[in-house]
Amino acid sequence: MKAFIQFLKKEFYHIFRDPRSLMILFAMPLVQLLLFGTVIKTEINDAEIAIWDKSRDISTQKLTNKILSSGYFKLAKIIQSEPEIDTEFRKGKIKLIIVFDYNFDKRLTNEGKASVQIIADASDPNNATILVNYVESIINDFLRVKNDMNIGLQPQMRMFYNEEMKSVYMFVPGLMAIILMLISAMMTSISLTKESELGSMEILLVSPLRPAQIILGKVLPYALLAFLDAIVIIRMGKNIFGVPIIGSRLLLFLETLFFIITALSLGIFISTITNSQLVAMMISAVALILPTILLSGFIFPIDNMPWILQFLSNIVPAKWFLIAIKNIMLKGLGLVVIWKETLVLLIMTVVLLVASIRRFKIRLE
Amino acid sequence: MKSIIVKNVSKKYKQAQALDNISVVVEKGEIFGLIGPDGAGKTSLMRILSTLILPTSGEAYLEGLNCARDYKKIRKIIGYMPGKFSLYHDLSVEENLNFFASVFGTTVRENYDLVKLIYAQIEPFKKRRAGKLSGGMKQKLALSCALIHYPKVLILDEPTTGVDAVSRKEFWQILKTLKERGITILVSTPYMDEAELCDRVGLIQGGKMMSVNLPSEIIKEFHHELFALTSENNYRLMKHLKERTNPHDVQIFGQNIHLINRKAKLSIEVLKQDLINNGFPNISISKIQPGIEDCFIELMRGTSD
């Protein structure tokens, strides 16, 4: 036991004396969270638009006010002529231009219809579509209020569990999966192979330490630090970006701990395949981190993938982890609902650990 | 009392035969030197004894324990120092020693007595990171770490490779004092001059044990006369001698050229006159006692012919 504590101490020395480990462990989670949370967004705030109001009457004025007060748009320019449309778009700042036709109010009152043109800068197609949809829904809303009547069916949309479609709700769980994968799987596989590469594994093997003690001693510090990172991410998500935790915190932490163990067993398994730090890093990056980003449903919805990728996504642990913690955090569901995901993680962990123990060498060959 | 018994051990890797039917016995409290060039199989034999690899065939025993079966027990009683420096570079001298002490279930204080001699020399640098030590100090630290649990058998794989001459001498001095404590020491080295510092040596070449003997006896096995020659142009002299006699009998040793006078064909006087006539006016020739290196080269020739 004393030997084991010394072993842990040694491992912490390694971590805290290596600037690169420190960066990955402490700086990277924070930077990534802030980056994903603030810079990379799918929702629109203060998109700059221009308006060409040929009519200048009460209706166009009201509609303009309504659009600008929605909070999604900011009036950057009032334009007066056709060629200006092109020049403004070319400058690149303005993403959308609204053109009200002549006699807007008159035609709207008399004929019940008027012309408004929405021109978007589709060099970023996703963004353009979202902007156009927003304007459309505002105009529809305006017409409904003005006519004060129901024109047939009016769909009422509500986005449950994320009413404002905040992308940060998605990023916090996704980011947790990536960071935990990075620390638990990649860093441990590197740190285990480092012992073999430097030759110190030779001495550790020729010592009374049991293989299980060696592995546990190498892995436990990373598990602790990974868990610490997870807590920081959850707390920052809540306090800075307002990502709610509706369900049980205890369950959330347990599920996180569970995922950490799965990732650790992946890391151990990788270290039994290779003795080179570089190879371990490459395997971790290509076989673990990339699928965690691409196939977990973090960025791209799994339902939209070709069947083969959908099938492959099942062996990505992060997929199951994401489903589970989103259910806990955003929907407030309990173990009754997420037992299946938990079970999948459990099976993965057991299989990996058994395989690793069988492959771990008590000798050099 | 036998400390190490190796019985007909062979080790085959995928492509190479590292050890070929080796048998050797090392007495308790003996310094046994494994001498041989790179790739001779020294490391493989040491790793088999340290329970790090298994022999393809044959058996090895250490303090009566089978190296394949009883590896757990053996790991408690041996101190092993691998060929390349394998302590932790980012841990200080002191931390390394404490770590290995605790791994073997002991403390530095408990066996300080044993490591004192070596550790005292590196203690002034105990706060320094191991990676920043010089080659000689690294080896002393590694030896301290291998000794910290008072092993019965010490296995040292080329401990003096890449170490300066003074540190090498000190290192061997330390081994002598450890021997006095009753520790069996198996040490490998590519340096022939270190052979004479061992109690017994085994000359190993191409996976075969060519000779196991006292260093003095190995020299006695050399049955030929040996000349040391030197002139102002040793390179030309060497070329000349190789043309004149069997090229294998001519070897360069530092400032001298050693010539084996096989079957006493030559006499110094005749040879000297001949060389002066051939343009080596300042030639000096003397008859010398063979060193272990001469014997080794002679033995090596015996296997390759």
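The values are calculated or read from the model by the stated rules, or taken from the named source; none is laboratory data. Nothing here was measured: the structure is a model prediction, and the numbers come from that model. For neighbour counting, all protein chains shown are included, and Cβ atoms are generated from backbone atoms with ideal geometry for every residue, glycine included. The area values use the complete protein model at the heavy-atom level, side chains included, leaving out ligands, DNA and RNA. Shrake-Rupley method; radii C 1.70, N 1.55, O 1.52, S 1.80 Å.
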Check: Filter region B:53-84 for residues that are more than 8 Å from chain A (Cβ to nearest Cβ), of a type in the set (D, E, K, R) and in contact (Cβ under 8 Å) with a residue 12 or more places away in the chain; which is least open to solvent (accessible area, probe 1.4 Å)?
Finding: B:Glu63
Notebook entry, point to check: Mind checking which residues of region B:222-245 are under 14 Å from B:Glu298 (Cα atoms) and loosely packed, with under 13 Cβ neighbours inside 10 Å?
Noted result: B:His223
Margin query: Against the definition (charged (D, E, K, R), under 28 Å from B:Pro37 (Cβ atoms) and open to solvent by 50 Å² or more (accessible area, probe 1.4 Å)), how does B:Asp193 come out, yes or no?
Written below: yes
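Okay, residues lined up against (1) of a type in the set (A, V, I, L, M, F, W, C); (2) at pLDDT below 90; (3) not assigned by TED's automatic domain parsing to the domain that holds B:Asp113:
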position	(1), (2), (3)
B:Lys152	no, no, no
B:Ser188	no, no, no
B:Tyr191	no, yes, no
B:Asn246	no, yes, yes
Check: Of the residues that sit in region A:115-149 and are assigned to a helix (DSSP H, G or I), within 17 Å of A:Gln61 (Cα to Cα) and aliphatic (A, V, I, L, M), which one is most open to solvent (accessible area, probe 1.4 Å)?
Finding: A:Val145
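Residues checked against (1) more than 30 Å from B:Pro55 (Cβ to Cβ); (2) of a type outside the set (A, V, I, L, M, F, W, C); (3) modelled with pLDDT under 85; (4) not assigned by TED's automatic domain parsing to the domain that holds B:Leu19:
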{"position": "B:Lys208", "(1), (2), (3), (4)": "no, yes, no, no"}
{"position": "B:His258", "(1), (2), (3), (4)": "yes, yes, no, yes"}
{"position": "B:Val270", "(1), (2), (3), (4)": "yes, no, yes, yes"}
{"position": "B:Ile285", "(1), (2), (3), (4)": "yes, no, no, yes"}
{"position": "B:Arg301", "(1), (2), (3), (4)": "no, yes, yes, yes"}
{"position": "B:Ser304", "(1), (2), (3), (4)": "no, yes, yes, yes"}
Next item on the list: Could you list, in sequence order, all residues of region B:72-95 that are within 17 Å of B:Tyr150 (Cα to Cα) and polar (S, T, N, Q)?
Entry: none
Next item on the list: Evaluate region A:13-26: report whether one residue or more is outside any helix (DSSP H, G or I) and in the same structural domain as A:Ala223 (by TED's automatic domain parsing).
Entry: yes
Check: Would you pick out the residues in region A:2-25 that are surrounded by fewer than 13 Cβ atoms within 10 Å (Cβ to Cβ) and within 10 Å of chain B (Cβ to nearest Cβ)?
Finding: A:Lys2, A:Ile5
Margin query: Taking the criterion of being open to solvent by less than 10 Å² (accessible area, probe 1.4 Å), without any contact (Cβ under 8 Å) to a residue 40 or more places away in the chain and at the interface with another protein chain (Cβ under 10 Å from one of its Cβ atoms), would at least one residue in region B:111-119 satisfy it?
Written below: no
Notebook entry, point to check: Which members of region A:223-253 meet the condition of being free of Cβ contacts under 8 Å to residues at least 60 places away in the same chain, in contact with a Leu (Cβ under 9 Å, 6 or more places away or on another chain) and open to solvent by 30 Å² or more (accessible area, probe 1.4 Å)?
Noted result: A:Phe227, A:Leu228
Note to self: I need every pair where a residue in region B:228-246 that is closer than 14 Å to B:Asn278 by Cα and touching a residue at least 12 places away in the same chain (Cβ under 8 Å) has its Cβ under 7 Å from the Cβ of a residue that is open to solvent by less than 40 Å² (accessible area, probe 1.4 Å) and part of a helix (DSSP H, G or I), sequence separation at least 6 or different chains.
What the structure shows: B:Ser231/B:Leu237
Item checked: Number of positions in region B:120-130 that are within 17 Å of B:Met81 (Cβ to Cβ) and within 14 Å of chain A (Cβ to nearest Cβ) -> 1
Check: Out of curiosity, is B:Leu87 buried (at least 23 other Cβ atoms within 10 Å of the Cβ), in a loop (DSSP other than H, G, I, E, B) and touching a residue at least 24 places away in the same chain (Cβ under 8 Å)?
Finding: yes
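Yes or no, residue by residue, for (1) at pLDDT below 90; (2) open to solvent by less than 80 Å² (accessible area, probe 1.4 Å):
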position	(1), (2)
A:Pro306	yes, yes
A:Lys319	no, yes
A:Met329	yes, yes
A:Leu335	yes, no
A:Glu341	no, yes
A:Val344	no, yes
A:Ile347	no, no
Next item on the list: Output the number of residues of region A:165-204 satisfying the condition of being assigned to a helix (DSSP H, G or I), out of contact with any helix residue (DSSP H, G or I) (no Cβ under 7 Å at 6 or more places or on another chain) and either more than 12 Å from chain B (Cβ to nearest Cβ) or open to solvent by less than 10 Å² (accessible area, probe 1.4 Å) (or both).
Entry: 2
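Quick one: which of B:Val93, B:Val25 is surrounded by fewer than 21 Cβ atoms within 10 Å (Cβ to Cβ), of a type in the set (A, V, I, L, M, F, W, C) and modelled with pLDDT of 90 or more? Can you show your working first?
Values: B:Val93 fails: surrounded by fewer than 21 Cβ atoms within 10 Å (Cβ to Cβ).
It is B:Val25.
Assess whether A:Leu30 counts as being away from every other protein chain (no Cβ under 14 Å) and open to solvent by 20 Å² or more (accessible area, probe 1.4 Å). Give the steps one after another, and end with the answer.
Numbers: away from every other protein chain (no Cβ under 14 Å): yes; open to solvent by 20 Å² or more (accessible area, probe 1.4 Å): yes.
Considered against the rule, which asks whether it is away from every other protein chain (no Cβ under 14 Å) and open to solvent by 20 Å² or more (accessible area, probe 1.4 Å), A:Leu30 comes out as yes.
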